[in-house]
Amino acid sequence: MSETFTKTMARNIFYGGSLFFILVFLGLIFHTTRVLPERDHRENITPQVVLGKKLWEDNNCIGCHTLMGEGAYFAPELANVYQRLGESKDAIISFIKYRPAEGVPGRRSMPQFNLSDEELDALAEFLKWTSEINDGDWPPNIQG
Amino acid sequence: MKFSSQAVAKPYFIAAIGLFTLQIVFGLTLGLQYVLGDFLFPEIPFNVARMVHTNLLIIWVLFGFMGASYYLVPEESDVELYSPKLALWLFWIFLSASVLTVIGYLAVPYATLAEITGNDILPTMGREFLEQPTLTKIGIVVVVLGFLFNLGMTILKGRKTVITMVLMIGLVGLAVMFLFSFYNPENLVLDKIFWWWVVHLWVEGVWELILGAIMAFVLIKITGIDREVIEKWLYMIIAMALITGILGTGHHYFWIGTPDYWQVLGSIFSALEPIPFFMMTLFAFSMINKRRRDHPNKVAALWAMGTGVMAFLGAGVWGFMHTLAPVNYYTHGTQITAAHGHMAFYGAYAMIVMTMISYAMPNMRGRVANSAKAQSWEVWGFWLMTISMVLITLFLTAAGVLQVWLQRYTDMPQSFMVVQDQLAIFYWLRFAAGVGFLAGVGTYIASFFIKGEAVGLANAAR
């Protein structure tokens, strides 16, 4: 780099530029959290949805699945699983409930988590609520 | 080595390499599970192996950063480390916490681990990369605070250089952003927004400062180039990293319930994110080309150049490939993401740690550089690992393109598992490349045990 461009100038670009973009970012995040309620429908977060999210985490579902595209890529996307299974909570519940404990020979299989009926219902409620978030019309189609 | 206290870096580097090896073993397990779905099921299900794989990566890179800092800061500050004893204590605490956590992942179901470690009191578990029990997270905070204290006190009593300043900003940033891992709101959208403050603002933010500082240090040492020149480059690289990277967070806010303007902002700024990595490549190559002396540690220079190139390809090119919102709409959460993640992490953070180890380890073992024979083994390790990683990335990219086409793009989209079955050939090839990578790791480790004729600083001036 040329001699007219000094280290001090480079340093000022670093501190000035970073500070400027940190402030812009914080402003945008603030705005995002203001308008978020219209998109996440938080009024529908019932105690069951809260329990469902806790179960989602406690069983490390993200270790195989994606949820709104984030997670592992080993098992299907679940942000739209409610729609994929015909808008049926029961279909979600029975899928999880009847996983064979020893798996399926030669195939990927979801573990048997031995959840209670109340827990299964909460998990399904969580996935239903998630499916209703306005996420820019993603995924592109029902297959996720 | 200027100061005896720099030697505390050694156990950190050894632990880093050990955990790295274990990470690769679990990577191969995952690779097999992709094609032999019931492999190790239900003893080690995919989610457990993946968690071990990704968490080991984070942990060993942190060990690497810490070792690099303990080596670099006393030398830059021109004083002994404030407390080598504290550094060693923290080493054993961090290692035991890491090993115990991995044992916990493998020994009991994750839900049981959550229960016995008190996840009900402060739920932070079960989120990608942040799967560690809350207790482990608290342990990480304690270790990092002690580490920062030790470095801070060293810098305060010694010389303040641009490199130590940048390193400290990066490390303090690392610690501050990690605190967001304790924030886990009940609202999934908010959870995801701030989860990225840890994940993105680490790897596409403050970690780049740490990378830049380590790179600058090694380049000064092996090229003898004037500090003023190196520091100017460093400032420009990290300026571009944060100017593009902070708003670049927006590329994670496309499809998680956040407002649509993030699609525009995220696309624009993340499209610029390759710039700092490109500058890093130019930096390494031009400093080494203009070197004022021929340092006998040739392989350290190779690692430094390799870091530049591979970080640019993995983080820059492979990142850009799917970062524009209209493209990402189809590629989000597919094997394309996995391809990018593998090369970016290897190229930027695995390789910078190995650059530092390559430079510092011979010094700590009482020589300027390893013997020509040992270096040639290390060069073989470098190429085996690097070429294998390029192949892993290419095979995953091929799998990803096909996956996007079959599952997302055609008029007759097929279901996830039906598509996965059709990708098997690429997963097998990826597995084969993974075996190549493990061979590279083995060769790399072997290089530390190869003797041979000592080399000296015969040609100090060029």
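The values are calculated or read from the model by the stated rules, or taken from the named source; none is laboratory data. Every value quoted in this text rests on a predicted model; they were computed, and no experiment measured them. Please note: Cβ atoms are built from the backbone with ideal geometry, for glycine as well, and neighbour counts cover all protein chains shown.
Give the residue, chosen from B:Asp421, B:Asp411, that is modelled with pLDDT under 95 and among the acidic types (Asp, Glu).
Result: B:Asp411 is the single residue among B:Asp421, B:Asp411 that is modelled with pLDDT under 95 and among the acidic types (Asp, Glu).
Table: residues versus (1) in contact with a helix residue (DSSP H, G or I) (Cβ under 7 Å, 6 or more places away or on another chain); (2) in a helix (DSSP H, G or I); (3) surrounded by fewer than 17 Cβ atoms within 10 Å (Cβ to Cβ).
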{"residue": "B:Ala15", "(1), (2), (3)": "yes, yes, no"}
{"residue": "B:Leu19", "(1), (2), (3)": "yes, yes, no"}
{"residue": "B:Phe41", "(1), (2), (3)": "no, no, no"}
{"residue": "B:Thr54", "(1), (2), (3)": "no, yes, no"}
{"residue": "B:Tyr70", "(1), (2), (3)": "yes, yes, no"}
{"residue": "B:Val73", "(1), (2), (3)": "yes, yes, no"}
{"residue": "B:Glu76", "(1), (2), (3)": "yes, yes, no"}
{"residue": "B:Leu88", "(1), (2), (3)": "yes, yes, yes"}
{"residue": "B:Ala97", "(1), (2), (3)": "yes, yes, no"}
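Out of all the residues in segment B:204-225, is one or more within 12 Å of chain A (Cβ to nearest Cβ) and closer than 27 Å to A:Trp56 by Cα?
No, that holds for no residue.
With (1) in contact (Cβ under 8 Å) with a residue 40 or more places away in the chain; (2) within 18 Å of B:Ile222 (Cα to Cα) as the list, and B:Thr281 as the residue in question, which single condition is left unmet?
Among (1) in contact (Cβ under 8 Å) with a residue 40 or more places away in the chain; (2) within 18 Å of B:Ile222 (Cα to Cα), the lone unmet condition for B:Thr281 is (1).
Where residues in segment A:1-47 are surrounded by 18 or more Cβ atoms within 10 Å (Cβ to Cβ) and touching a residue at least 60 places away in the same chain (Cβ under 8 Å), which of them is farthest from B:Phe194 (Cα to Cα)?
Among residues in segment A:1-47 that are surrounded by 18 or more Cβ atoms within 10 Å (Cβ to Cβ) and touching a residue at least 60 places away in the same chain (Cβ under 8 Å), the one farthest from B:Phe194 (Cα to Cα) is A:Ile45.
From the residues in segment B:108-161 that are over 21 Å from B:Val52 (Cβ atoms) and charged (D, E, K, R), which one is nearest to the chain's Cα centre (by Cα)?
The selected residue is B:Lys160.
Name the single residue that is farthest from the other protein chains (Cβ to nearest Cβ) among those in segment A:48-80 being of a type in the set (A, V, I, L, M, F, W, C) and assigned to a loop (DSSP other than H, G, I, E, B).
So the first thing to find is which residues in segment A:48-80 are of a type in the set (A, V, I, L, M, F, W, C), and the list is A:49-51, A:55-56, A:61-62, A:64, A:67-68, A:72, A:74-75, A:78-79.
This time we only want the ones that are assigned to a loop (DSSP other than H, G, I, E, B), so: A:64, A:68, A:72, A:74-75, A:78-79.
On the way: A:Cys64: 5, A:Met68: 5, A:Ala72: 5, A:Phe74: 5, A:Ala75: 7, A:Leu78: 10, A:Ala79: 9 Å.
In this case the residue turns out to be A:Leu78.
Quick check on segment B:415-431: of everything there that is surrounded by fewer than 17 Cβ atoms within 10 Å (Cβ to Cβ) and without any contact (Cβ under 8 Å) to a residue 40 or more places away in the chain, which residue is nearest to the chain's Cα centre (by Cα)?
Taking segment B:415-431 and keeping what is surrounded by fewer than 17 Cβ atoms within 10 Å (Cβ to Cβ), we get B:415, B:417-418, B:421-422, B:424-425, B:428.
After this cut, where a residue has to be without any contact (Cβ under 8 Å) to a residue 40 or more places away in the chain as well, the list is B:415, B:417-418, B:421-422, B:425.
On the way: B:Ser415: 33, B:Met417: 31, B:Val418: 33, B:Asp421: 31, B:Gln422: 31, B:Ile425: 28 Å.
Looking at the filtered set, the residue picked out is B:Ile425.
Hand me the list of helices (runs of 4 or more DSSP H) wholly inside segment B:277-392 holding 3 or more residues that are crowded, with 19+ Cβ neighbours inside 10 Å.
Counting at least 3 such residues, we get B:298-311, B:325-331, B:335-344, B:351-364.
Residue by residue through segment B:402-414, note down the ones that are buried (at least 17 other Cβ atoms within 10 Å of the Cβ) and β-branched (Val, Ile, Thr).
B:Val404
Can you pull out every residue in segment B:41-83 that is farther than 25 Å from B:Ala350 by Cβ and either more than 9 Å from chain A (Cβ to nearest Cβ) or among the hydroxyl-bearing types (Ser, Thr, Tyr) (or both)?
Hits for segment B:41-83 are B:Glu43, B:Ser77, B:Asp78, B:Val79, B:Glu80, B:Leu81, B:Tyr82, B:Ser83.
Among the residues of segment B:56-68 satisfying the criterion of being among the aliphatic types (A, V, I, L, M) and closer than 16 Å to B:Val8 by Cα, which is surrounded by the fewest Cβ atoms within 10 Å (Cβ to Cβ)?
Among those residues, the one meeting the criterion is B:Leu62.
With the requirement that a residue be part of a helix (DSSP H, G or I) and away from chain A (no Cβ under 11 Å), what does segment B:257-275 give you?
Within segment B:257-275, B:Val264, B:Ser267, B:Ile268, B:Ser270, B:Ala271, B:Pro274, B:Ile275 qualify.
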